[in-house]
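Trainee: I have a structure here, written as structure tokens, and I will follow up with some questions on it.
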Amino acid sequence: MKIAIFGATGKIGSQVATQLDNKGHEIVRIGSRSGDITVDYTDGASVENALKQLALLDAIVVTVGGDSKFKPYHELTDDDFRYGAERKLVAQFRVVQLAEQYLSDEGSITLTSGFLSHYPNPHSLATGPFNAAIDTYVQHAAPLLQKGIRLNVVSPAPVVEPARAGKGLVSADQVAEFFLQSVEGSKTGQVYRAWGGLAVN
Ligand SMILES: NC(=O)c1ccc[n+]([C@@H]2O[C@H](COP(=O)([O-])OP(=O)(O)OC[C@H]3O[C@@H](n4cnc5c(N)ncnc54)[C@H](OP(=O)(O)O)[C@@H]3O)[C@@H](O)[C@H]2O)c1
């Protein structure tokens, strides 16, 4: 499969790229400053230009970092919420809408959310609710996609060094395995929870 990964040079994205590469897929690594091509995923024209250049793709993965603000609840401003909304939500939703025409039949899109949707902390109010929105978006949009295109999301718990992985803490390698299930499997509308064994509360 020819697979484009937005955020492929990041903590999670680099592991996803390595694991898919090891399985013999053709990987296009996309970053904002580094990678095979550079794109600002908050800029629709930049994303569409890249997808046009790469088509036809068999899968698209979005796991871009630096996408929200972490601050104590009472210090959050409108701009902090706008920052996360523009990146975590609008940018990912836009990739889904643009991707349909540049993916092959039965292709797939995999987004990223996070476990702060269910396990908040006092600094996570401008990110956790967005994670929940991404999960819901995927469940609602998946049945609407054409050409048999599948849409899933991976929701990671905090990523740590492999030696520290345990309940509620996962390694990038473990998270990447869920992306592989999404890309290589046949399911759609799924929220893959890489939560290190934590339950949905
Ligand atoms: N790490 C965690 O513990 C954790 C836990 C739960 C959820 N998540 C979620 O997982 C996703 C990835 O997290 P991560 O820790 O792997 O992130 P990360 O290491 O910070 O990812 C950085 C990647 O994103 C790219 N990038 C940054 N801004 C971009 C932009 N405007 N346009 C295009 N690419 C851009 C970077 O490209 P350049 O290097 O070229 O700038 C790089 O490839 C995020 O959605 C995050 O919220 C992470």
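Any read-out appearing in this document is the output of simple, stated calculations on the displayed coordinates, not a laboratory observation. As the structure is a computational prediction, the values presented were derived from the model and not from experiment. Note: ideal-geometry Cβ built from the backbone for every residue, glycine included; neighbour counts use all protein chains shown.
Trainee: Under a point spin-label approximation (7 Å from Cα along Cα-to-Cβ), what is the residue 106-residue 139 distance to one decimal in nm?
Mentor: Rounded to a tenth, the inter-label distance reads 2.8 nm.
Trainee: Moving on. In nm, give the distance between the simple-model label positions of residue 184 and residue 43, each being 7 Å from the Cα along the Cα-to-Cβ direction.
Mentor: Inter-label distance under the simple model: 3.6 nm.
Trainee: Can I ask one more? Taking R0 as 35 Å, what's the FRET efficiency between residue 53 and residue 86 from their Cβ-Cβ distance, rounded to 0.05?
Mentor: 0.90
Trainee: Could you derive backbone 3J(HN,Hα) for the range 129-142 from the dihedral phi with the Karplus parameters 6.51, -1.76 and 1.60 (θ = phi - 60°), listing whole Hz in sequence and x where the residue is Gly or Pro?
Mentor: x, 5, 4, 4, 5, 5, 4, 5, 4, 4, 5, 7, 7, 3
Trainee: Let's test the formula: R0 of 25 Å, r as the Cβ-Cβ distance of residue 146 and residue 2. What FRET efficiency results, to the nearest 0.05?
Mentor: 0.80
Trainee: Taking only the C-alpha atoms, wrap a convex hull around the range 2-194 and report its volume per residue in Å³ as a whole number.
Mentor: Cα convex hull per residue, to the nearest whole number: 111 Å³.
Trainee: May I pose another question? Full-extension gain between residue 123 and residue 163, please, as 0.36 nm times their residue separation minus the C-alpha to C-alpha distance.
Mentor: 11.8 nm
Trainee: Follow-up question, since we're still on this one. Is the shape of the range 144-201 best called rounded, prolate or oblate, per the rule: a/c under 1.5 gives rounded, else a/b larger than b/c gives prolate, else oblate, with a ≥ b ≥ c the square roots of the Cα gyration tensor eigenvalues?
Mentor: prolate
Trainee: For a distance above 23 Å, tell me the whole-number percent of Cα pairs in the range 97-201 that qualify.
Mentor: Tail of P(r) above 23 Å: 29 percent of Cα pairs.
Trainee: For the range 33-49, what does the Karplus curve 6.51 cos²θ - 1.76 cosθ + 1.60, with θ = phi - 60°, yield as ³J(HN,Hα) per residue in whole Hz, taken in order and with x for Gly and Pro?
Mentor: 10, 9, x, 5, 9, 10, 8, 9, 6, 8, 10, x, 5, 5, 5, 5, 4
Trainee: Let me confirm the definition first: pairs of Lys residues in the chain, 8 or more apart or on different chains, C-alpha distance under 27 Å. How many are there?
Mentor: So the count works out to 28.
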